[in-house]
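Report on the following structure.
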Amino acid sequence: MIARACAGVTGLVFGLALGPAAAFDLRLPEDARQTVERNTPLDRYEAPVSVYRDDTLRVASIDGPVARSVWRIDGHGQTSLQLMTPLRAQVEEAGFEVVLDCAAPACGGYDFRFATEVLPGPNMFVNIRDYHFITGLRGGRDAPETAVTILASSNNNVSYIQIIQAGDLGEDDAPVVVALPPEAQVSVPPASFAQALARDGRIVLGSLDFDSGTSTLGAGPFAALAALTELLKEQPDLRIALVGHSDTVGRLDTNIALSRERARAVRARLIERYGVDAARLDAEGVGYLAPLTRNSTGDGREKNRRVEAILLAP
């Protein structure tokens with residue numbers, strides 16, 4: 001296999017077998033909720049097959065359909081290894097050979113995380129001190145038919161699982177899929193949402209999905225918006241300000257404008273799809289003036305890009 005240095009040397013592109021392969025359902029914890037899904041019918045995915053060492057990360061480059069999804073688990077209290085162990089077992093049971101299984105810092109820490117494909121925040125968050133990564137190949141190492149990579153990370157009792165699946169399964173088979181829990185199970189409990197908002201006066205709407213660099217809000221459904229709607233129904237005197245935030249990349253005026261437009265997009269969705277009274281919602285953006293954490297790291301910038309719901313006085 002040819003190594004791909006991060007300086008830009010292209011690795012060997014593996015050919016895909018076009019014959020059918022068996023699909024499988026990857027079972028996640030029942031309280032997992034999806035934050036984002038991005039599927040492309042023809043794409044190239046570079047699945048890591050080694051740790052990051054000596055400025056080099058070896059990859060298996062696969063052309064074909066690529067499915068990407070991220071799942072969030074609140075209040076789980078598990079380490080990334082605890083999350084990954086049952087997922088790895090399912091990948092092996094489905095006939096994949098696990099060619100990479102590493103954890104921070106053995107994967108290469110910060111360098112490995114930023115040399116791999118990770119969906120942007122706030123939909124995905126990687127704790128550099130507690131993440132676990134596996135790559136599974138099916139069809140052999142030299143000419144794999146399909147690849148699946150899983151990245152699990154935990155931080156402050158919140159966990160994220162990113163799943164990327166690449167390769168053609170054949171026309172007669174469904175793609176490798178993730179078993180979706182019923183929609184009723186993926187919403188944020190309104191009681192806990194209300195308690196957090198009452199306690200802190202604000203809450204991050206962490207499940208939102210915006211196209212990179214734009215104010216285009218994904219299709220959803222978004223559990224945080226459903227919970228906010230339920231709270232507003234239960235307490236008709238409440239008013240909420242939606243406030244967009246950004247990282248420090250770019251000019252302040254540009255970031256304020258983008259964060260404001262994202263907050264307005266959330267407001268429009270709450271009005272148009274959830275039926276919230278427009279008079280109960282304000283929307284503004286402050287750019288990078290109110291960070292949650294430092295912007296000197298990729299993880300910090302991901303956490304700082306967010307939309308918050310702020311409780312207004314009646």
May I ask you to say which residue of Ala143, Ala106 is open to solvent by 30 Å² or more (accessible area, probe 1.4 Å), of a type in the set (A, V, I, L, M) and touching a residue at least 60 places away in the same chain (Cβ under 8 Å)? Ala143
Filter the range 279-289 down to the residues that are among the aliphatic types (A, V, I, L, M) and open to solvent by 40 Å² or more (accessible area, probe 1.4 Å) and list them by number. Ala279, Val286, Leu289
Taking Ala198 as meeting all but one of (1) touching a residue at least 40 places away in the same chain (Cβ under 8 Å); (2) open to solvent by 60 Å² or more (accessible area, probe 1.4 Å); (3) in contact with a helix residue (DSSP H, G or I) (Cβ under 9 Å, 6 or more places away or on another chain), write down the number of the exception. (3)
All positions within the range 50-77 that are open to solvent by less than 70 Å² (accessible area, probe 1.4 Å), in a loop (DSSP other than H, G, I, E, B) and either under 20 Å from Gln90 (Cβ atoms) or not β-branched (Val, Ile, Thr) (or both): Ser50, Tyr52, Gly75, His76, Gly77
Scanning for something charged (D, E, K, R), part of a loop (DSSP other than H, G, I, E, B) and either open to solvent by 10 Å² or more (accessible area, probe 1.4 Å) or more than 23 Å from Pro86 (Cβ to Cβ) (or both), does the range 130-140 turn up at least one residue? yes
Looking only at residues in the range 94-117 that are in contact with a Phe, Trp or Tyr (Cβ under 6 Å, 6 or more places away or on another chain) and in a loop (DSSP other than H, G, I, E, B), which one is farthest from Val51 (Cα to Cα)? Ala94
Search the range 233-255 for residues being out of contact with any Asp or Glu (no Cβ under 9 Å at 6 or more places or on another chain) and open to solvent by less than 40 Å² (accessible area, probe 1.4 Å), and hand back the single one that is farthest from Glu302 (Cα to Cα). Leu238
Only unsatisfied item for Pro291, checking (1) on the phi < 0 side of the Ramachandran plot; (2) outside any helix (DSSP H, G or I); (3) in contact with a Ser or Thr (Cβ under 7 Å, 6 or more places away or on another chain), is (3)
Answer with yes or no whether Arg269 is within 24 Å of the chain's Cα centre (by Cα) and open to solvent by 50 Å² or more (accessible area, probe 1.4 Å). no
Considering every residue within the range 216-232, establish whether at least one is under 17 Å from Tyr288 (Cα atoms) and open to solvent by less than 10 Å² (accessible area, probe 1.4 Å). no
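The values are calculated or read from the model by the stated rules, or taken from the named source; none is laboratory data. Predicted model only: the values in this text are computed from it and were never measured. Methodologically, a virtual Cβ is constructed for each residue, glycine included, from the backbone with ideal geometry; neighbour enumeration extends over all protein chains shown. Side chains included, ligands, DNA and RNA excluded: accessible areas come from the protein's heavy atoms. Shrake-Rupley method; radii C 1.70, N 1.55, O 1.52, S 1.80 Å.
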